[in-house]
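What follows is one structure encoded as structure tokens, with my remarks underneath.
The values are calculated or read from the model by the stated rules, or taken from the named source; none is laboratory data. Just so it is clear, the structure is predicted and the values come from calculations on it, not from any experiment. No Cβ is skipped: glycine too gets one built from the backbone with ideal geometry, and neighbour counts run over all protein chains shown. When the accessible area is computed, the model is the full protein with side chains, heavy atoms only, and any ligands, DNA or RNA have been set aside. Shrake-Rupley method; radii C 1.70, N 1.55, O 1.52, S 1.80 Å.
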Amino acid sequence: MRERILIRNADAVVTCDPADRVLYNSDILICGNRIEAVGSNLAAGDAQIIDAAGKYVYPGLVNTHHHFFQAFVRNLMTIDRSELTLMQWLDDIYKVFVRIDGDVIFYASAACMADLIKHGCTCSVDHQYCYTPATGKQGVDRQMEAARLMGFRFVAARGTNTLPRWKGSTIPDEMCETTAEYLDDCQRLLALYHDPEPFSMRQIVLAPCQPINCTEDTFLETIRLARSAGVHMHTHLCEGENSSMVRRFGVRSLEWCRRIGFVGSDIWLAHGRETLPEEYALLAENHMGISHCPAPTMLGGSEILDIPGMRKAGIPISLGVDGCATNDGSNMLDTLRLAYLMQTFLSKKRGGCPSPYEMLKLATVGGAEMIGRPELGQLAAGKAADLFMVDARRLEYAGALHDPASMLAKLGVTGPVWLTMINGRVVYRDDHLTGVDEAKLLQEGEQVCTRVLRDTCEAFAPYRRNPQ
């Protein structure tokens, strides 16, 4: 018999459902991994009770773009993205990436998942394109290992870089795969891990890193394999590479994608900040979405995505934290706040901006729809039991508790949440990850970072401590 849980008497339940309901003094009845009912005075029966008095309940946040492996390449001022163009930064940062091994990927993934969980994220895509001589082809396998440990709902986007450096890419030769190698591993991962069923805890996406670092054949074969397997596709696009694309191919990135057939509702793009208004129709007509990542936009001093214009055109939008080398964290609540403030900055020029609640919906139901997971992102009967709670009985919230739907982005509620539930299981509560020895993982992860990167990589040289 599936376990039943009753979340009882929550001060507010922000459902993010199609009616945008906010329910007060309400309950959520959970059976197994899904929500059975949302309403007042629900019968508990033999259900385990979670007292939610004083709490606001929200759907779990869905992060649609990340690079977990970069957690061990952050807080690194020797490669300062704010002072570099995208292409300069890529050229420098890959000299660090090439040293990464499988242990770095495992512990960095665990660190990112912990950060995501503690800040209300219950499902994340990770774009894993870091394949070095030391990782072999086991990068996604190590991530899956970490996701099982953390109880995290995980979508692994198997990336690749296939264009050799001598042909114009920024990739060290040791990290360059052939298209055949990439496809072989994609097929292996699909067979091992991809669960296409609703409420799945693990899925695979095919995700060439970006056109400037991959051959055209890689994209063409990705389309063929992904559509035969019925899985989604993902890539970086319109984030600073368009001038290089014009020099190389004579067209901008989106036109290049159109010409080769890399368009469709089963594809979403990371960043998209260079997209021109005249290109909106191409995305909208093909129902291609954009994962907006505000932190790297700010760090790079780049264009602020025109969310009002894109939404008016019919382009799906979601939110992503992006990799730690251009964010330095994995906090989706912070991402939500930053994304909202960035839109307000140009509100008068653009004739308005999304409301704080509309931004929350991009981070919940918007992300769920973009990755083809309609069972996520809402608190309603039949949806996944993925949620988080904020303790509203805190002095700093005095005077602001009249609008739970706007509160997260408007106030900047960016600290750790009170509880996170994934797939009907409490994975975090009262500042503790459940079933995880956090201190042990931290100690082991720090040792791995020092052994693999701090003691060997020139970028870390200024941080090395003198022997005692």
In nm², the average projected area of the convex hull spanned by the Cα atoms of region 198-323 is 8.2
Taking 288-301, 350-363, 29-42 and ranking on average Cβ neighbours within 10 Å, highest first, one gets 288-301, 350-363, 29-42
Taking only the Cα positions of region 1-144, the convex hull volume per residue in Å³ is 168
Under Stokes-Einstein, region 55-121 at 20 °C and 1.002 mPa s, with its Kirkwood radius over C-alpha pairs, diffuses with a coefficient in µm²/s of 154
Given a 1.4 Å probe, the accessible area of region 1-160 per residue, as a whole number of Å², is 32
As a percent rounded to 5, the proportion of antiparallel DSSP bridges among beta bridges in the chain is 45
Note: Asp92 to Glu255 extended length (0.36 nm per residue) minus current alpha-carbon separation gives 55.8 nm
Taking Cα pairs closer than 8 Å and at least 6 residues apart, the relative contact order of region 3-141 in percent is 24
Rounded to a whole %, the carbon-and-sulfur portion of the accessible area of region 104-224 at a 1.4 Å probe is 54
Env charge @ Glu444, Cβ radius under 13 Å, K,R +1 / D,E -1, value -2
Under 21 Å between C-alpha atoms, the lysine pairs in the chain lying 8 or more places apart or on different chains count 16
With 0.36 nm assigned to each residue of separation and the Cα-Cα distance removed, Gln443 to Leu192 gains 87.3 nm
Eigenvalues of the alpha-carbon gyration tensor of region 110-183, times 5 and square-rooted, give semi-axes in Å, largest first, of 28, 12, 10
Ordering 9-22, 330-343 by per-residue average of other C-beta atoms within 10 angstrom, highest first, gives 330-343, 9-22
A chain fully extended from Arg429 to Thr85 at 0.36 nm per residue, minus the present Cα-Cα distance, gains in nm 119.8 nm
Of the residues Thr344, His65, Ser82, the Cα lying farthest along the dipole of the chain towards its positive end, which is defined by charges on the beta carbon of Lys, Arg, Asp and Glu, belongs to Thr344
Given a Förster distance of 25 Å, the FRET efficiency implied by the Cβ-Cβ spacing of Leu395 and Asp51, rounded to the nearest 0.05, works out to 0.75
For the pair Ser265 and Arg227, the simple spin-label estimate (label points 7 Å beyond Cα toward Cβ) gives in nm 1.5
Neighbours of His66 by Cβ distance under 11 Å: Lys/Arg at +1, Asp/Glu at -1, summed charge -3
Listed by chain and number, the residues whose amide H is under 5 Å from that of Gly120, excluding neighbours fewer than 5 places away on the same chain and using placed H, are Val417
Simple spin-label estimate for Glu145/Leu411, 7 Å along Cα→Cβ, in nm, reads 4.1
Ranked output for segments 249-260, 365-376, 432-443 by mean other Cβ atoms within 10 Å, highest leading, reads 365-376, 249-260, 432-443
